[in-house]
Amino acid sequence: MSTTPDPVTMTMMSASDALQTCTEACAEWQREIARFVDLRLAANRRSWEALMTARDVPGVIKGQQEWGLQAATDYTQEAARLTRLLTALSLTGTTPDVQDAARLVA
């Protein structure tokens with residue numbers, strides 16, 4: 001008897017590995033999106049509270065400016081995170097977290 005798996009078994013194993021990698025990548029994408037949504041919802045809530053407590057027009061304008069600057073910063077940072085995730089997935093087939101873990105073990 002041969003110890004080498006037949007081609008069908010090898011194909012199934014490769015497909016299973018690819019599916020697992022894809023599932024992990026999708027889960028990582030969803031976690032990142034959920035983290036960002038939570039961050040922005042909290043920031044928006046704080047901004048609404050600041051706007052509702054503003055006593056005059058300059059206070060409202062200041063609140064809007066702060067909200068705009070924070071939103072721009074958050075969206076820019078999120079774009080960088082998603083770009084890093086997509087680049088890692090397209091180049092290596094693994095998420096940055098998996099790569100970091102592999103570096104620790106190596």
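Every number here is computed from the coordinates shown, using simple stated rules; none is lab data. Keep in mind that this is a model prediction, so the values were computed, not measured. Counting neighbours? That spans all protein chains shown, and the Cβs are built from the backbone with ideal geometry, glycine included.
The table below lists the values:
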| read-out | value |
| --- | --- |
| Crossing angle, helix 7-53 versus the chain [Cα axis fit, 0-90 degrees, rounded to tens] | 10 degrees |
| Evaluated over the range 7-105, the Cα radius of gyration and Dmax, each in Å | 20.6, 74 |
| Scattering curve values for the range 1-58, log₁₀ I(q)/I(0), Debye with Cα scatterers, q = 0.12 Å⁻¹ | -0.57 |
| Restricting the range 12-95 to trypsin sites (Lys or Arg not before Pro) in coil, as DSSP defines it, with at most 16 other Cβ within 10 Å | ARG55 |
| Between 0 and 90°, nearest 10: helix 96-105 axis offset from the chain longest Cα axis | 60 degrees |
| Helix axis angle, 57-92 relative to the chain longest principal axis, alpha carbon, degrees | 10 degrees |
